[in-house]
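Asker: I'd like to ask you about the structure that follows.
The values are calculated or read from the model by the stated rules, or taken from the named source; none is laboratory data. Predicted model, so just to flag it, every value in this text is computed and none were measured. Every residue, glycine as well, gets a Cβ built from its backbone with ideal geometry; the counts of neighbours run over all protein chains shown.
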Ligand SMILES: [Mn+2]
């Protein structure tokens with residue numbers, strides 16, 4: 001309660017996500033905004049992702065003709081936590097100069113051990129708080145999603161889901177593999193999310209798409225994973241298309257690699273950077289918006305059940321808020337996919 005009590009964005013004082021007026025206690029899908037950016041590289045701004053996507057979501061028609069059997073989108077976003085935002089800003093203040101120096105290739109920038117420890121321990125505390133919050137809603141049989149913020153914010157939700165589900169897989173959409181043990185000294189960096197996720201035995205598989213910027217060490221982790229990590233490399237997927245293999249065929253292969261229950265972890269930089277120019281670490285190439293939407297629809301048609309998702313690394317841009325427009329529309333696609341995927345079986349376990 002403490003975290004959300006004093007922020008102006010209280011239910012009833014502002015229009016909800018996608019102009020929905022669904023109260024949180026009646027929502028089937030609860031979105032937890034995580035305005036967090038402590039270890040972001042290159043471009044900052046993703047802590048503003050949730051509020052800019054909320055605003056952009058008012059311009060969207062929340063209607064999907066292919067899912068008319070869903071009577072309405074019962075989705076509600078929690079108020080954006082002022083306390084999380086302040087903590088993130090404080091820690092970011094300590095890291096920004098250090099990260100900037102590393103990226104300029106300046107030798108041995110100094111970040112005192114005590115500062116690093118402070119960042120690592122506070123990040124862990126934040127993740128545990130998010131986990132607790134997510135578990136509270138999961139225990140009420142609601143679906144939960146996290147809206148970042150940097151990609152590391154998804155760990156709390158993954159840990160919460162691991163307490164509710166014995167087995168599930170992750171569809172990981174990202175230009176990066178996120179398999180670093182630690183990155184730039186940070187234990188819980190955006191570049192380490194999958195490394196931490198794979199410590200959860202409940203996660204039987206990580207299926208990666210969009211991957212096009214990764215290290216030799218990360219490639220070795222994938223190769224040594226005995227099939228637990230399946231990477232559909234971006235170069236390979238695109239080469240297949242250039243050779244005339246239909247995207248539909250590739251989607252079937254991706255979906256076949258996933259177990260029945262799927263969590264979707266979506267770093268927006270998995271998409272072509274023309275769709276997310278202001279994200280923290282943009283990489284040329286990548287997936288198209290329609291390609292991802294088609295894959296999501298195929299997943300529902302194939303009977304996969306989406307048990308939760310995150311959408312991260314969306315940052316506001318300078319021009320017309322294009323990044324937030326794309327982000328909110330992808331958020332809608334993920335939400336409708338998750339809700340539609342429930343109808344082929346029982347909700348939750
Ligand atoms: Mn990424």
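Asker: For region 66-82, enumerate the residues that are touching a helix residue (DSSP H, G or I) at 6+ places or on another chain (Cβ under 8 Å), surrounded by fewer than 21 Cβ atoms within 10 Å (Cβ to Cβ) and not in a loop (DSSP other than H, G, I, E, B).
Answerer: Residues satisfying the conditions are 66, 67.
Asker: Keeping to region 236-251, report how many residues are over 14 Å from residue 212 (Cβ atoms) and touching a residue at least 40 places away in the same chain (Cβ under 8 Å).
Answerer: Summing the residues that are over 14 Å from residue 212 (Cβ atoms) and touching a residue at least 40 places away in the same chain (Cβ under 8 Å) in region 236-251 gives 3.
Asker: Can you tell me which of 308, 288 is in contact with a strand residue (DSSP E or B) (Cβ under 6 Å, 6 or more places away or on another chain), closer than 29 Å to residue 47 by Cβ and more than 16 Å from the ligand (Cβ to nearest atom)?
Answerer: Being in contact with a strand residue (DSSP E or B) (Cβ under 6 Å, 6 or more places away or on another chain), closer than 29 Å to residue 47 by Cβ and more than 16 Å from the ligand (Cβ to nearest atom) holds for just one of 308, 288, which is 308.
Asker: Here's a follow-up. Just wondering, is there one or more residues in region 327-341 that are in a loop (DSSP other than H, G, I, E, B), more than 16 Å from the ligand (Cβ to nearest atom) and within 20 Å of residue 170 (Cβ to Cβ)?
Answerer: no
Asker: Follow-up. From the residues in region 134-152 that are assigned to a helix (DSSP H, G or I) and more than 16 Å from residue 85 (Cα to Cα), which one is farthest from the chain's Cα centre (by Cα)?
Answerer: By that ranking, first place goes to 136.
Asker: Taking the stated definitions as given, is residue 209 touching a residue at least 12 places away in the same chain (Cβ under 8 Å), within 16 Å of the ligand (Cβ to nearest atom) and more than 21 Å from residue 34 (Cβ to Cβ)?
Answerer: yes
Asker: Working only within region 273-283, note down all residues that are touching a residue at least 60 places away in the same chain (Cβ under 8 Å) and either more than 13 Å from the ligand (Cβ to nearest atom) or surrounded by fewer than 22 Cβ atoms within 10 Å (Cβ to Cβ) (or both).
Answerer: Those that are touching a residue at least 60 places away in the same chain (Cβ under 8 Å) and either more than 13 Å from the ligand (Cβ to nearest atom) or surrounded by fewer than 22 Cβ atoms within 10 Å (Cβ to Cβ) (or both): 278, 281, 283.
Asker: Of the residues 85, 181, which is within 20 Å of the chain's Cα centre (by Cα), more than 16 Å from the ligand (Cβ to nearest atom) and crowded, with 21+ Cβ neighbours inside 10 Å?
Answerer: It is 85.
Asker: Select, from 171, 130, 155, the only residue that is touching a helix residue (DSSP H, G or I) at 6+ places or on another chain (Cβ under 8 Å), at pLDDT 95 or above, part of a helix (DSSP H, G or I) and within 16 Å of the ligand (Cβ to nearest atom).
Answerer: 155 is the lone residue from the list that is touching a helix residue (DSSP H, G or I) at 6+ places or on another chain (Cβ under 8 Å), at pLDDT 95 or above, part of a helix (DSSP H, G or I) and within 16 Å of the ligand (Cβ to nearest atom).
Asker: A further question follows. Against the condition touching a helix residue (DSSP H, G or I) at 6+ places or on another chain (Cβ under 9 Å) and either over 23 Å from residue 335 (Cα atoms) or modelled with pLDDT under 95 (or both), how does residue 292 come out, does it pass?
Answerer: It is false that residue 292 is touching a helix residue (DSSP H, G or I) at 6+ places or on another chain (Cβ under 9 Å) and either over 23 Å from residue 335 (Cα atoms) or modelled with pLDDT under 95 (or both).
Asker: So, in region 12-65, exactly how many residues are under 16 Å from the mean Cα position of the chain (by Cα) and assigned to a loop (DSSP other than H, G, I, E, B)?
Answerer: 7
Asker: Please verify whether residue 268 is touching a helix residue (DSSP H, G or I) at 6+ places or on another chain (Cβ under 8 Å) and either under 17 Å from residue 143 (Cβ atoms) or more than 16 Å from the ligand (Cβ to nearest atom) (or both), treating the condition exactly as stated.
Answerer: no
Asker: Suppose the filter is within 16 Å of the ligand (Cβ to nearest atom) and touching a residue at least 12 places away in the same chain (Cβ under 8 Å); does residue 254 pass it?
Answerer: no
Asker: Just the residues that are out of contact with any helix residue (DSSP H, G or I) (no Cβ under 7 Å at 6 or more places or on another chain) and free of Cβ contacts under 8 Å to residues at least 24 places away in the same chain, please, taken from region 174-194.
Answerer: Residues satisfying the conditions do not exist here.
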